[in-house]
1. Can you work out the FRET efficiency for the pair GLU29 and ARG181, with r the C-beta to C-beta distance and R0 = 35 Å, to the nearest 0.05?
2. What is the sum of charges, Lys and Arg at +1 and Asp and Glu at -1, for the other residues whose Cβ falls under 13 Å from the Cβ of ARG151?
3. With θ taken as phi - 60° and the coefficients 6.51, -1.76 and 1.60, list the Karplus ³J(HN,Hα) couplings across segment 175-181 in order, rounded to whole Hz; mark glycine and proline as x.
4. Rounded to two decimals, what ratio of Rg to Rh does segment 130-202 give with C-alpha atoms and a Kirkwood Rh?
5. To the nearest 0.05, how large is the calculated FRET efficiency for ARG90 and SER43 if R₀ is 45 Å and r is the Cβ-Cβ distance?
6. Give me the extension gain from ARG81 to LYS133: residue separation times 0.36 nm, minus the current Cα-Cα distance, reported in nm with one decimal.
7. How big is segment 1-132 on each of its three principal axes, counting only the C-alpha atoms and giving the largest first in Å?
8. Order these peptides, 152-163, 103-114, 86-97, 4-15, by their mean beta-carbon neighbour count within 10 angstrom, highest first.
Amino acid sequence: MKLFHSPASPYVRKCMVVAHETGLAARIELLPSAAHPVNRDRSIVERNPLGKVPTLITDEGDALYDSRVICEYLDAHAGARLFPASGSARWRALTDQALGDGILDAALLVRYETAMRPEPLRWSDWTAGQLDKIHTGLARLEAQAEGLAGRVDIGTITLGCVLGYLDLRFAHLAWRDAHPRAAAWFEGFNARPAMQATLPKA
Ligand code: 99T
């Protein structure tokens, strides 16, 4: 398998954490890429019209995207159970994944707005709205942090990647200060070998 990869992308990291947790990491060749919403990487676009990472090329040559699909594919391929099969555990894991992906989507919009969009074209109210999504998302994470203990599934993996991404790109938010229960959970979860093997790099 081949994965269009970026060492900073939390969505790529979700896939790589799943790959490590399921024993598939050594079977994935990382393809360097430069996904960008404006200067689009045509080598990715050839396989994924959205031009985003992660994009996985399977051993059969099929292109899979996005991170939700790739994570579920890897889990199924390995015969693992990071996506609980049914019942409340499944809906909880999928909803936590959606919460985490939503926080990441807001964070990435802020990142693109502040690191890429030319200054005169920026709209501060819009950025403030996205930052508020990060804050309300973190508040939910804090409220449910005790329910994360002991769980290793696609929900907790996604939330772990969210907090790692905030440390990488939004350290100034100092999210731990107002979210001590989430911080305590993250400290333990982030020590997992799969998380340590995939620490993000700018
Ligand atoms: O928007 C683009 O065209 C290029 N951006 C990406 O490829 C980002 C890189 S994170 N990936 C996604 O937006 C994937 C989202 C998708 N829903 C999924 O896979 O779950 C780069 C982060 C950073 O450098 O700070």
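1. Taking R0 as 35 Å, the efficiency between GLU29 and ARG181 is 0.35.
2. Local net charge: 0.
3. Running phi through 6.51 cos²θ - 1.76 cosθ + 1.60 with θ = phi - 60° gives 4, 5, 4, 9, 9, x, 6 Hz.
4. Looking at segment 130-202, the ratio lands at 0.93.
5. 0.80
6. Length gained, ARG81 through LYS133: 15.7 nm.
7. Dimensions of segment 1-132 along the principal axes of its Cα atoms: 51, 37, 21 Å.
8. 152-163, 4-15, 103-114, 86-97
We did not get these values from a lab; they are worked out from the coordinates using the rules stated. These numbers were taken from a predicted model, which means no experiment stands behind them. Counting neighbours? That spans all protein chains shown, and the Cβs are built from the backbone with ideal geometry, glycine included.
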